[in-house]
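The next block holds one structure in the form of structure tokens; read it before the comments.
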Amino acid sequence: MHKPAPHAGLRHVALYVKNLETCVDFYTRLLGMTIDWQPDPDNVYLTSGCDNFALHRAPKNFTVSGDQHLDHIGFFLTNRREVDDWYHWLDAAKVEMKAAPRDHRDGTRSFYCADPDGNIIQMIYVPNQPKITSK
């Protein structure tokens, strides 16, 4: 058996959220994503043009599984200055900040905040990141 051809990259994330409407507002109004598809009131698929981010309404008895852990979701920025611009924009919108912008030893710059459901979001600039084309 031979190794398959390389994949096209990680472009899809799906999350259960308890506050679906509030989370959709956060990702669309504040982060600028658009609704790509909403097949029903409990599922919304968002995009920033080159990805697919699914938000699914969590069942009423939903608890985080001990077998799966999500540390954070990262949104790439195209230049270092945008990290601070995004930080000030989201902070002014009263988004819960987890860590202020800082430079990392690998040359990246980022900060962390939380979406309305408590998922940690990293806004990050990565130097020399290959350009991703939109759909």
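Do you know the Lys pair count in the chain for C-alpha distances under 28 Å, with sequence separation 8 or more or different chains?
Values: K3/K131; K3/K135; K18/K60; K18/K94; K18/K98; K60/K94; K60/K98; K98/K131.
Summing the qualifying lysine pairs gives 8.
Amide H contacts of L46 (H built 1.01 Å from N, in plane; Pro and chain starts excluded): D36, F53, A54, L55 sit under 5 Å, all sequence-distant by 5 or more or on other chains. The distance between label points at R11 and T28 comes to 2.3 nm (points 7 Å beyond Cα on the Cα→Cβ vector).
Can you give me the accessible area per residue for the chain, using a 1.4 Å probe, in Å²?
Numbers: 9150 Å² over 135 residues.
Per residue, the chain has 68 Å² of solvent-accessible surface.
Distances between placed amide hydrogens fall under 5 Å for K98 paired with Y112, C113, A114, all partners being 5 or more residues away or on another chain. Atom-type composition of the exposed protein surface of the chain places 53 percent of the accessible area on carbon and sulfur (1.4 angstrom probe).
The values are calculated or read from the model by the stated rules, or taken from the named source; none is laboratory data. Keep in mind the model is a prediction, meaning the values are calculated, not measured. So basically every Cβ, Gly included, is an ideal-geometry build from the backbone, and we count neighbours across all protein chains shown. When the accessible area is computed, the model is the full protein with side chains, heavy atoms only, and any ligands, DNA or RNA have been set aside. Shrake-Rupley method; radii C 1.70, N 1.55, O 1.52, S 1.80 Å.
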